[in-house]
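The values are calculated or read from the model by the stated rules, or taken from the named source; none is laboratory data. This one's a predicted model, so the numbers in the text were calculated from it and none came from an experiment. Note that each Cβ is placed from the backbone with ideal geometry, even for glycine, and that neighbours are counted across all protein chains shown.
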Amino acid sequence: MSSLRSKSAQDISDLLDEYGIKHGPVVDSTRSLYERKLKEAMAKGKPSKPSSDKTYYREEEEVTYEYRTPVRSEGAGDRQSYSSYSRSKPEYRGQNSVDEPYMYDTPSTYRNSFMNSTPMKSPDAPKTPKSSRLIPLWVQFAFFLAVAVFLYLVFSSMETNESLKGIE
Amino acid sequence: MSSTSQKHKDFVAEPMGEKPVTALAGIGEVLGQRLEGKGFDKAYVVLGQFLVLKKDEELFRDWLKDTCKANVKQQGDCFGCLKEWCDAFL
């Protein structure tokens, strides 16, 4: 985004409307306030610029092109994937935090992204095989098993000691 | 509204005329100087800003914080003062 300073008052006013920021006239004394507000709104990375509160599905096709140009070349079905991207974007955040304890979700997202031939969650495009996990699933399983075996060994070795009887 | 200061009561009791900006509730010496430094030397100039911001509380508070670094209480006092003045005289 080019510098806000160079924009006309009308442009600033339009931008404020796009971001859904309530505002008055853009005059000299209010301009810096509105510029700051716009900067904050942009920094928050609000995805919808042309249409603020409308549904994301169709209108953002064009924005898709700008936003996901580097990713777009990876897959053909960008329209479909973008609509599911934007729809799942809020879900993604929820899923991301939920994914950690519930691992069953992962295979479905993995399969979906594989079927679309464009990852639903574009930031994870390079990590598709691992489907948005920092630690691969098999590593988690292996670690869990290792911890379980370790605990079992510890417990079984404790059983031969007198101390367990003492606890009883 | 919770209890208002004497300054607030004095301000909203009459048209502001040429009162200085420090006559506003919440605006003391320090804030007054900062505002004057930015060109807001009279209460009516701040009133002008308040009106241009469409009497919106959040916008006015933000503006006040940006312009003279008013804290939350000062912002609230000033906003309340101007709002009540407008209700009575505007």
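Go through region A:4-28 residue by residue and tally those that are assigned to a loop (DSSP other than H, G, I, E, B), in contact with a helix residue (DSSP H, G or I) (Cβ under 9 Å, 6 or more places away or on another chain) and over 23 Å from B:Val45 (Cα atoms).
Residues in region A:4-28 being assigned to a loop (DSSP other than H, G, I, E, B), in contact with a helix residue (DSSP H, G or I) (Cβ under 9 Å, 6 or more places away or on another chain) and over 23 Å from B:Val45 (Cα atoms): 4 in total.
Read through the list (1) over 10 Å from the mean Cα position of the chain (by Cα); (2) more than 12 Å from chain A (Cβ to nearest Cβ); (3) among the charged types (D, E, K, R), then give the number of the only condition that B:Asp77 fails.
(1)
Spot the failing condition for B:Leu47; the list is (1) modelled with pLDDT of 95 or more; (2) away from chain A (no Cβ under 13 Å), and only one is missed.
Condition not satisfied by B:Leu47: (2).
Which number in (1) in contact (Cβ under 8 Å) with a residue 40 or more places away in the chain; (2) over 13 Å from the mean Cα position of the chain (by Cα); (3) surrounded by fewer than 15 Cβ atoms within 10 Å (Cβ to Cβ) marks the one condition that B:Thr4 misses?
(3)
Of all residues in region A:29-46, which are in a helix (DSSP H, G or I) and more than 13 Å from chain B (Cβ to nearest Cβ)?
A:Met42, A:Ala43, listed by residue number.
In region B:16-66, what residues are part of a loop (DSSP other than H, G, I, E, B) and buried (at least 18 other Cβ atoms within 10 Å of the Cβ)?
B:Met16, B:Leu24, B:Ala25, B:Gly26, B:Ile27, B:Phe40, B:Leu53
Testing B:Ala70 on (1) within 14 Å of chain A (Cβ to nearest Cβ); (2) part of a helix (DSSP H, G or I), one condition comes back false. Which one is that?
(2) is the only condition that B:Ala70 fails.
Cβ-Cβ below 6 Å, separation at least six or inter-chain, first residue in region B:52-73 and free of Cβ contacts under 8 Å to residues at least 12 places away in the same chain, second among the polar types (S, T, N, Q): which pairs?
Matching pairs, first to second residue: B:Val52/A:Thr30.
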